[in-house]
Amino acid sequence: MKKIAICVVLIITSLLFANQALDEQSIQEVRVSPCKPELRNLIEKMDQAKANGDVSLFKNLLDEYRKMNQPVIKTDGPQVQLIGPEPTIGSGPQPFWSGVDVTVDSAWDYQAFSMDTRSNGTIFLAASRRATSGDDYVVSVWASSNGVQWNWWLTISWTGHDIINPSIKVVEQSDSDYFFVMFNSYDNASPHEEDIIVLRHPFGTGTYDFYNVSTNTGVPERNPSLDADDIQFSNAPYLYCAFESGDSIAFIRSLDIGLTWVDRQILREGDPTWDYDNPECTFGWHNSADSFTIGVAWHYRENTGAERIRFRRCISYGAPSGWLPVTYFPAPTNHLDRKPSLKMTHGTMPSGAIIFARCDTVGNDEEDLCIFYTYNGGRSWTNDTLYLGGEYAVLNCLSVDDSPRDYHAFFKGDYDDIRYKEGDYDNLSYDGWTFSIAISDGGDISEATSPASAVFDTMPCVCWKDITNSIWYKIKFDALWLQTGIQERQSQRNTIKLILAPNPSNGNAKIFYQINKSGNVRISVYDASGRLVNNLINEKKPAGTHTLNLDNRELPNGIYFVRVETPEGTATKTMTIVR
């Protein structure tokens with residue numbers, strides 16, 4: 001009987017962990033496209049020189065690498081049309097705009113956005129744009145010296161192709177600065193080939209060259225996510241890109257600033273029963289030897305209906321041998337996790353953050369904005385909820401800056417607005433983030449196109465698709481002056497009424513609160529140090545006035561705070577317990 005009982009336990013245990021075991025099998029190695037052995041040996045030496053900070057050796061190896069692996073410019077595909085002059089030096093986004101949104105452009109449709117900034121004060125915005133019905137999508141790039149006036153700088157087009165999903169990056173060096181736009185092209189004629197291509201432009205040269213990043217015939221390759229490590233090793237930055245390759249997540253890197261792309265790797269291979277999409281690639285660096293220099297997060301979908309977030313880190317600049325096993329993020333029962341946005345810090349503590357949407361599949365299908373975060377370079381993660389009850393919190397983006405040590409989250413709120421939260425490196429749990437504020441000045445936010453953000457100096461900025469006019473959509477832009485307790489025009493909907501009675505009390509009291517629209521309500525109690533001591537409710541409530549009995553008789557005498565958070569905003573009252 002004892003042996004039978006042990007067998008039953010083992011069977012049950014194997015079933016409970018079946019999905020996790022499935023996800024972790026055969027993932028210690030990545031599948032890499034073959035290359036010449038002498039080239040592979042040279043790349044490994046370059047990685048080692050980079051890890052050792054040996055700039056002289058790296059440059060010598062890079063010269064040898066270029067002789068053995070000559071770049072090939074793509075001349076038979078996309079074309080650049082210059083609409084305006086190259087951007088001039090600016091001052092960066094204007095501070096504290098009091099919620100006034102700038103209209104950058106209007107068009108028939110927009111498919112995706114990406115943003116980056118240059119240290120001279122120029123802001124760049126790329127969007128896949130459709131001028132009128134029936135036109136092909138092109139990628140247009142706008143530039144602004146102040147965030148108010150936007151110049152339409154260039155357009156990338158390809159006859160018979162949709163140019164979509166742009167990802168932009170400015171790489172700054174001592175000898176030259178570079179501008180990259182990576183995108184996927186979709187051939188509108190059968191067999192509808194999809195390839196990843198990059199535009200490379202050294203500022204001030206007048207040259208705009210295209211290079212193939214990945215052209216795998218018969219396999220749709222899309223949704224590139226581009227980043228660079230021009231912070232740690234600026235003399236010889238690598239470029240990194242994660243993208244979809246069929247149902248799989250692929251990764252590729254450039255050792256020579258975008259001229260050639262090597263090490264086409266499959267980080268996780270899908271098949272007809274599941275697929276992986278929407279990858280997010282980030283570079284991060286600090287002094288911890290086993291922390292990740294490259295991180296890739298993506299969305300995982302099973303044919304059973306399960307949707308989860310997966311993450312994989314590399315501790316050696318994207319080298320195939322440096323990838324560690326996939327991190328498995330479980331979700332609560334009857335919940336789906338979607339649309340990850342990933343960032344990591346540079347040169348400070350080894351923190352990383354993934355914000356994503358968590359959808360409740362039972363009831364009202366509400367989507368909360370959630371976070372996975374790490375303080376030890378990706379070895380362990382904690383999760384928390386940042387915003388409750390958002391119907392489209394799936395639309396989100398994340399930025400990070402290292403001067404004030406902050407993460408910046410932008411997302412679509414319950415009332416068709418763009419909302420913002422700021423979190424410090426040192427505290428990425430719910431209580432470490434500021435209250436969410438509405439920064440969009442009216443209008444309706446797209447339910448299908450995620451916003452994009454960037455940081456100039458210490459100033460986060462964001463763009464999004466406004467769909468107020470159902471025929472001509474707009475790109476809207478806003479910037480925020482970063483400071484503790486950020487002052488941006490508060491939404492007029494933030495009119496929550498909160499009353500505690502009696503107050504002071506002996507621990508028995510009532511909470512009276514009023515909300516103007518139905519939505520998820522979270523009421524919590526915190527002590528004087530800000531530590532959470534009690535979650536009272538976390539559920540959807542109809543519009544109107546509500547009463548909640550507050551029984552805190554087990555708490556010691558002292559000062560406490562009662563906080564009510566709804567999609568309209570938050571309200572906090574001080575509560576005193578005296579016996």
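The values are calculated or read from the model by the stated rules, or taken from the named source; none is laboratory data. Because the structure is a prediction, the values reported are computed rather than measured. Quick reminder, even Gly has a Cβ in these numbers, built from the backbone with ideal geometry, and neighbours come from all protein chains shown. Side chains included, ligands, DNA and RNA excluded: accessible areas come from the protein's heavy atoms. Shrake-Rupley method; radii C 1.70, N 1.55, O 1.52, S 1.80 Å.
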Place a +1 charge on the Cβ of each Lys and Arg in the stretch 43-139 and a -1 charge on the Cβ of each Asp and Glu, then give the dipole magnitude about the Cα centre in debye, rounded to the nearest 20. 280
Quick one: Karplus J couplings for the stretch 308-319, per residue in order, coefficients 6.51, -1.76, 1.60, θ = phi - 60°, nearest Hz, x for Gly and Pro? 9, 9, 10, 9, 9, 10, 10, 9, 9, 6, x, 5
With only alpha-carbon atoms in the gyration tensor, what are the semi-axes of the equivalent ellipsoid for the stretch 522-579, in Å, largest first? 22, 12, 10
Give me the percent of Cα-Cα pairs in the stretch 169-251 that sit more than 21 Å apart, rounded to a whole number. 36
Sulfur and carbon atoms: percent of accessible area, the stretch 95-205 [1.4 Å]: 46
Rounded to the nearest 20 debye, dipole of the chain from Cβ charges on Lys, Arg, Asp, Glu: 1500
The stretch 410-455, accessible surface, carbon-and-sulfur percent (1.4 angstrom probe): 37
Among the aspartates and glutamates, select those whose C-alpha is under 13 Å from the C-alpha of LYS50, and discard any that sit fewer than 8 residues away in the same chain. ASP229, ASP230, ASP256
Cα-Cα over 18 Å, subset of LYS497/LYS517; LYS169/LYS412; LYS421/LYS573; LYS412/LYS474; LYS412/LYS465; LYS421/LYS474: LYS169/LYS412; LYS421/LYS573; LYS421/LYS474
How much of the accessible area of the stretch 240-324, in percent, comes from carbon and sulfur atoms when a 1.4 Å probe is used? 46
Based on the alpha-carbon set only, what is the convex hull volume of the stretch 141-191 divided per residue, in Å³? 110
Semi-axes of the chain's equivalent ellipsoid from the Cα gyration tensor, sqrt of 5 times each eigenvalue, largest first, rounded to whole Å? 41, 30, 23
Positive-end extreme of charge dipole, the chain - chosen from GLN514, PHE58, SER436 (charges on Cβ): GLN514
Is the shape of the stretch 297-455 best called rounded, prolate or oblate, per the rule: a/c under 1.5 gives rounded, else a/b larger than b/c gives prolate, else oblate, with a ≥ b ≥ c the square roots of the Cα gyration tensor eigenvalues? oblate
Derived scalar couplings ³J(HN,Hα) [the stretch 103-111; Karplus, 6.51 cos²θ - 1.76 cosθ + 1.60; whole Hz; x for Gly, Pro]: 8, 7, 6, 9, 7, 5, 6, 10, 10
When Rg is the radius of gyration of the Cα atoms in the stretch 103-230 and Rh is its Kirkwood radius, what does Rg/Rh come to? 0.97
With every atom except the alpha carbons ignored, what do you get for Rg and Dmax of the stretch 244-358, in angstroms? 14.6, 47
Around ASP105, which amide H atoms from residues at least 5 apart in sequence, or from another chain, sit under 5 Å from its own amide H, with H modelled in the peptide plane? ILE475
Quick check for you: with a 1.4 Å probe and neighbouring chains kept, what is the accessible area per residue of the chain, in Å²? 41
Pairwise centroid distance, computed over Cα atoms, of the stretch 164-185 with the stretch 55-130, Å: 5
Give the distance, in whole Å, between the Cα centre of the stretch 371-433 and the Cα centre of the stretch 512-563. 22
